[in-house]
Amino acid sequence: MGIEKTEKIWRNGKLIAWDDANIHVLSHVVSYGSAVFEGIRCYQTKQGPAVFRLRDHMQRMIHSAKIYRMDLPASLDELCQAAIDVVRANKMDSCYIRPIALRGYGDVGVSPLASPVEVYIACWAWGAYLGSDALEQGVDVCVSSWARMAPNTLPAMAKAAANYMNSQLIRMEAVINGYAEGIALDPSGLVSEGSGENVFLVVDGTVWTPPISACGLQGITRASLLTLCEDLKIPVREQSVPREMLYLADEVFLSGTAAELTPLRSIDKIQIGKGRRGPITQQLQEEFFAIIRGAKPDRHNWLTPVPVPASAAVR
Ligand code: PMP
């Protein structure tokens, strides 16, 4: 999936040309993975483009930066406004937004403290992450031979670039072996998360998802789905999940900004439930998509509208 180039990228307070958003090869981030970032979706709604949980994503980036002692040169409000400016400047209806804060060119040592922090926000068009049929048909995944990082190694609550070396191992192994995605266990052998998604199970009508201590990222889609379960009166348990429960659950699905809510039809070639999207997965998908497409009221204030430029409004 190539990146579809747009016109502008936001850099430390200014919109610059896409092709000018370059860094030096000796920037700290290149050798040491010292960046924190976000992935955000802007959806086309009946009322125009709207960014999903923008403030929560930017807040998570600020938190990720705090863990790594990185002072961002922009406030939460400024980052939110910048994301809107980028979507507007590129005249996007729907897109994926990638804010990234990195340690730039300044010092060659491991300590990042003498390397300047630069923040970029880009956006581009992006469709379904796990294939176009995935949302309805579900996908086949495996449990990875790679575990997530132990909690006293790389902190999972930070969405840091370096964590994605672990994600890359999980995903490459899965794809090379013919699976759409891999689910990693935590260092104690309990279910953690996918390479870029959180995991949910449905067991006897109750939704299960691993807790914050399972070395996964605290997904914003995950949090949204827990809220929707509450709205829909579906009981929820945030609880440790033994690997074998994945095989025995009635339904299993992955959640994430990119994957949205993707059902799993098999895990390690063991069929999950009836081998297709289950009823609770479908109910949650329908509720989620109805809100983000503006078909149902945005009762939790998840959407930030992007004002459409006057010239584009008369279409
Ligand atoms: N876990 C990992 C490792 C991820 O990269 C992502 C995607 N950001 C998620 C979970 C899901 O998080 P979110 O719903 O906030 O996109």
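The values are calculated or read from the model by the stated rules, or taken from the named source; none is laboratory data. A quick note: this is a predicted structure, and the numbers were derived from the prediction, not measured. Here the Cβ is made from the backbone with ideal geometry for all residues, glycine too, and neighbour counts use every protein chain on show. Areas reflect the complete protein model, heavy atoms only, side chains present, ligands, DNA and RNA absent. Shrake-Rupley method; radii C 1.70, N 1.55, O 1.52, S 1.80 Å.
Is there a residue in the range 293-301 that is within 16 Å of the ligand (Cβ to nearest atom), surrounded by fewer than 21 Cβ atoms within 10 Å (Cβ to Cβ) and within 25 Å of TYR96 (Cα to Cα)? Walk me through it before giving the result.
Kept after step one, since they are within 16 Å of the ligand (Cβ to nearest atom), are these residues of the range 293-301: 300.
Filter once more, keeping what is surrounded by fewer than 21 Cβ atoms within 10 Å (Cβ to Cβ): 300.
When the remaining residues are screened for being within 25 Å of TYR96 (Cα to Cα), the result is 300.
Looking for residues that are within 16 Å of the ligand (Cβ to nearest atom), surrounded by fewer than 21 Cβ atoms within 10 Å (Cβ to Cβ) and within 25 Å of TYR96 (Cα to Cα), one finds at least one in the range 293-301, hence yes.
Report yes if some residue within the range 118-126 is hydroxyl-bearing (Ser, Thr, Tyr) and either assigned by TED's automatic domain parsing to the domain that holds THR262 or at pLDDT below 95 (or both); otherwise report no.
Looking for residues that are hydroxyl-bearing (Ser, Thr, Tyr) and either assigned by TED's automatic domain parsing to the domain that holds THR262 or at pLDDT below 95 (or both), one finds none in the range 118-126, hence no.
Could you pull out every one of the strands (runs of 3 or more DSSP E) wholly within the range 134-220 that has 1 or more residues that are open to solvent by less than 10 Å² (accessible area, probe 1.4 Å), of a type in the set (Ser, Thr, Tyr) and more than 30 Å from VAL29 (Cα to Cα)? So that I can check it myself, show each step before the final result.
On the way: elements: 139-143, 181-185, 191-194, 198-203, 206-209.
Because the criterion is at least 1 residues that are open to solvent by less than 10 Å² (accessible area, probe 1.4 Å), of a type in the set (Ser, Thr, Tyr) and more than 30 Å from VAL29 (Cα to Cα), the strands (runs of 3 or more DSSP E) in the range 134-220 that meet it are 206-209.
May I ask you to list pairs of residues, at least six apart or on different chains, whose Cβ atoms are under 9 Å apart, with the first in the range 20-38 being of a type in the set (Asp, Glu) and the second being assigned to a loop (DSSP other than H, G, I, E, B)?
If the second residue must be assigned to a loop (DSSP other than H, G, I, E, B), the pairs left are GLU38/LYS159; GLU38/THR257.
Given the criterion open to solvent by less than 30 Å² (accessible area, probe 1.4 Å), among the hydroxyl-bearing types (Ser, Thr, Tyr) and either closer than 30 Å to GLY275 by Cβ or touching a residue at least 60 places away in the same chain (Cβ under 8 Å) (or both), identify the matching residue among TYR120, TYR129. Write out each step before concluding.
Details: TYR129 fails: open to solvent by less than 30 Å² (accessible area, probe 1.4 Å).
Just one listed residue meets the conditions, TYR120.
Within the range 1-57, considering only strands (runs of 3 or more DSSP E) that don't extend past its boundaries, which have at least 3 residues that are surrounded by 16 or more Cβ atoms within 10 Å (Cβ to Cβ) and within 16 Å of the ligand (Cβ to nearest atom)?
Details: elements: 8-11, 14-17, 35-37, 40-45, 48-52.
Answer list for the range 1-57: 35-37, 40-45.
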